[in-house]
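Here the structure comes first, spelled out in structure tokens, and everything after it is commentary.
The values are calculated or read from the model by the stated rules, or taken from the named source; none is laboratory data. Since the model is a prediction, treat every value here as computed from it, not as a measurement. Heads up, the Cβs are rebuilt from the backbone with ideal geometry, glycines too, and the neighbour counts pull from every protein chain shown.
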Amino acid sequence: MNDVSYKRPEYIEALDRWKMVQDVCAGQHRVVDRLPEINAHDTSDENKARNKAYRERAVYKNATGHTRNGLIGLSFHKDPTLKVPKKLEYLQDNANGAGISIYQQSQASLERILETGRHGLYVDYHSDAGAGGHAVILTYSAEDIINWRTGMVNGHLVLTMIVLREGKEEEDGFGVKITEQFRELALETEGFVCRVWQRKGPRGGGPLEVVETHEPMTPAGRIKEIPFTFIGAQNNDPSVDESPLYDIAVINLGHYRNSADYEDSVFWCGQAQPWISGVDDQWLKMARDEGVYVGSRSPIPVPSGGQFGFAQPQANTLVKEAMADKNQMMIELGARMVMASIAAKTATESRGDQSAATSVLAICVANISEAYTRALMWCAQYMGVNEKVAYQVNQEFVELTADPQMITALVQLWQQGGFAKVDLRAYLRRMGLIAPERTDQQIDNELAEQSDGLNLDDVESGNGGKPGAV
């Protein structure tokens, strides 16, 4: 198979699931076409109008999208920690070369992982003539990673080929034209190579051909691995992981279908139906000619022995119960924001509930931290930096509060030599009392400067250089 647009079977098998979850998260405008069609065999204008009204009356409760946003909020209610040398600090504000910060980019990555269970990071590098170059981190969604291959290199199983689908935007008068192209990342004997494939010929209908070839260089030579990493919901290997939100999305879609049936039932049966009995042909002729008005100020004369009344349908509780059941199922699967209110719980109960509900989130966040740290290492290689790099997204989903008694006890234990200073500061960072990006060395230097300043003030005030009460 020499077609670079070839798609792996597991990719094709997962596409529909990814699309369904993404549509459910996006909102009603994306799922309205997933409602069943009433009397699909009837192609009359009347049936088309009924189906249009059936869809417009349905009410969609986006529990899946709100759950996704809530989980992202839990992960990023504290800023991630970025540790890079000065030469890579530009990534903090411009990670992809288009002005997206690494924080914003990692949030979007978590969003995609929650929806599809799969994402990708590719570190690209182009040197500018006479001005050096910059490494950037590019992201690829699950549906754009169409093919991959692994192999053994020096006793390790590594990626040897990745094919990424891209859309190249080109000017077309005042409009734009999107051209599909494929980016091949390959590991060859000499090192990593990137090839861009496009269709040539009239209107892009010809065979795929290589239009660009890149062999990015580091100061030490060509890189010996593909600078691409998967991010998964379970781990960061090439296998396709299940979407964390898939089960909630399936139930959410079923809830929407129940809602469509319920609203349709309310429309057709919700109004009282007037009825008249014991009338003759003469009365019917009069009613047709003059009309019959129903209301408190329009009494209806009926013949002797006739009756007038209203037929009130019984409430359709079956569909309503089905909606309530699905609502509860979504809550149990993690869609807590579906509930209008939650009864007050103790701190211990609240922490236990959140720990159970965010265990999958913890794995996703850990995978993101690992993948971005790896991407930063490739950026450092391209930029000729040998210092350590790291990126850590918050995993403390339950808000911790500082306990004054605990802090006092830990400080006393440290002063007595029973507790390491680094562990004390780690605890204070978790409590939010020390900014996570502040290193122990920075704190020690500032304390030393502060102490020197106090000593100088004492000398000037005649205290002989003694700190006094301070």
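Assorted remarks:
- Residues (at pLDDT below 90 and among the hydrophobic types (A, V, I, L, M, F, W, C)) located in region 218-234: Ala220
- Within region 380-397, considering residues that are touching a helix residue (DSSP H, G or I) at 6+ places or on another chain (Cβ under 6 Å) and of a type in the set (Phe, Trp, Tyr), the one nearest to Leu361 (Cα to Cα): Phe397
- Single residue of region 223-266 satisfying the filter (touching a residue at least 24 places away in the same chain (Cβ under 8 Å) and acidic (Asp, Glu)) that is surrounded by the most Cβ atoms within 10 Å (Cβ to Cβ): Asp241
- Residue within region 2-23 that is surrounded by 15 or more Cβ atoms within 10 Å (Cβ to Cβ), in a loop (DSSP other than H, G, I, E, B) and among the β-branched types (Val, Ile, Thr) present: yes
- Entry remark, region 175-204: residues being outside any strand (DSSP E or B) and at negative phi number 4 in total.
- Residue that is modelled with the highest pLDDT [pool: residues in region 283-342 that are touching a Gly at 6+ places or on another chain (Cβ under 9 Å) and loosely packed, with under 14 Cβ neighbours inside 10 Å]: Gln307
- Filter pass, Val21 being within 30 Å of Glu111 (Cβ to Cβ), modelled with pLDDT of 95 or more and in contact with a helix residue (DSSP H, G or I) (Cβ under 8 Å, 6 or more places away or on another chain): yes
- Ala272 surrounded by fewer than 16 Cβ atoms within 10 Å (Cβ to Cβ), within 30 Å of Leu114 (Cβ to Cβ) and either at pLDDT 80 or above or among the aliphatic types (A, V, I, L, M) (or both): no
- Qualifying residue in region 239-248 (condition: assigned to a helix (DSSP H, G or I) and touching a Leu at 6+ places or on another chain (Cβ under 8 Å)): yes
- Number of the condition not met by Val158 [criteria: (1) surrounded by fewer than 21 Cβ atoms within 10 Å (Cβ to Cβ); (2) free of Cβ contacts under 8 Å to residues at least 60 places away in the same chain]: (2)
- Among the candidates Arg68, Arg30, residue that is among the charged types (D, E, K, R), in contact with a helix residue (DSSP H, G or I) (Cβ under 7 Å, 6 or more places away or on another chain), in a helix (DSSP H, G or I) and crowded, with 18+ Cβ neighbours inside 10 Å: Arg68
- Selection count, region 398-415, where residues are at pLDDT 75 or above and in a loop (DSSP other than H, G, I, E, B): 0
Quick grid of which residues meet (1) surrounded by 18 or more Cβ atoms within 10 Å (Cβ to Cβ); (2) in contact (Cβ under 8 Å) with a residue 24 or more places away in the chain; (3) touching a strand residue (DSSP E or B) at 6+ places or on another chain (Cβ under 7 Å):
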residue: Lys78; (1), (2), (3): no, yes, no
residue: Val84; (1), (2), (3): yes, yes, no
residue: Asn96; (1), (2), (3): no, yes, yes
residue: Ser106; (1), (2), (3): yes, yes, no
residue: Ile113; (1), (2), (3): yes, yes, yes
residue: Leu121; (1), (2), (3): yes, yes, yes
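- Within region 205-231, being outside any loop (DSSP other than H, G, I, E, B) and in contact with a strand residue (DSSP E or B) (Cβ under 6 Å, 6 or more places away or on another chain) holds for Leu208, Val210, Val211, Glu212, Thr213, His214, Arg222, Phe228, Thr229, Phe230, Ile231.
- Cβ pairs under 8 Å, 6+ apart, first in region 298-314 and touching a residue at least 40 places away in the same chain (Cβ under 8 Å), second surrounded by 10 or more Cβ atoms within 10 Å (Cβ to Cβ) and part of a loop (DSSP other than H, G, I, E, B): Gln312/Ala272; Pro313/Gly270
- Residue match in region 262-274 (condition: aliphatic (A, V, I, L, M) and either assigned to a strand (DSSP E or B) or touching a helix residue (DSSP H, G or I) at 6+ places or on another chain (Cβ under 7 Å) (or both)): no
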